[in-house]
């Protein structure tokens, strides 16, 4: 199966800009029930990402989100194979990547989204090899 990123990504993504306050971003996370928000520049290009974990410490609500956002932000084009996104997440030990199209944010893909590939499939362990009954097989 050659699933593409756009097949699994969440397309309705809320973004913010570096100058927006930490307090406002906390509200955005809660209101939209999301774990992270991409931070974009004025052209819509991703420059960072801020997660609920980044905001878990005692931070001044009036400070700009640029003070706590994670840089660099890891991105993946929407038409790449999901294996590319999985490799990025594994190699960088992150839980989500920002999905782009022509360098603009079009979605997010999380490790939980990748679980959709195995969800519903039943994997059966293979039986152990059996002893050959053929004569002269050399397996005695």
>> Restricting to segment 59-107, give me the number of residues that are under 27 Å from residue 23 (Cβ atoms), surrounded by fewer than 17 Cβ atoms within 10 Å (Cβ to Cβ) and modelled with pLDDT of 95 or more.
In response: 1
> In segment 4-15, how many are assigned to a loop (DSSP other than H, G, I, E, B), surrounded by 14 or more Cβ atoms within 10 Å (Cβ to Cβ) and either touching a residue at least 60 places away in the same chain (Cβ under 8 Å) or over 20 Å from the mean Cα position of the chain (by Cα) (or both)?
Replying inline: 3
> Can you tell me which residues in segment 25-58 are surrounded by fewer than 16 Cβ atoms within 10 Å (Cβ to Cβ), touching a helix residue (DSSP H, G or I) at 6+ places or on another chain (Cβ under 8 Å) and free of Cβ contacts under 8 Å to residues at least 40 places away in the same chain?
Replying inline: 52
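The values are calculated or read from the model by the stated rules, or taken from the named source; none is laboratory data. Just so it is clear, the model here is predicted, and its values are computed rather than measured. We place every Cβ from the backbone using ideal geometry, glycine too, and count neighbours over all the protein chains shown.
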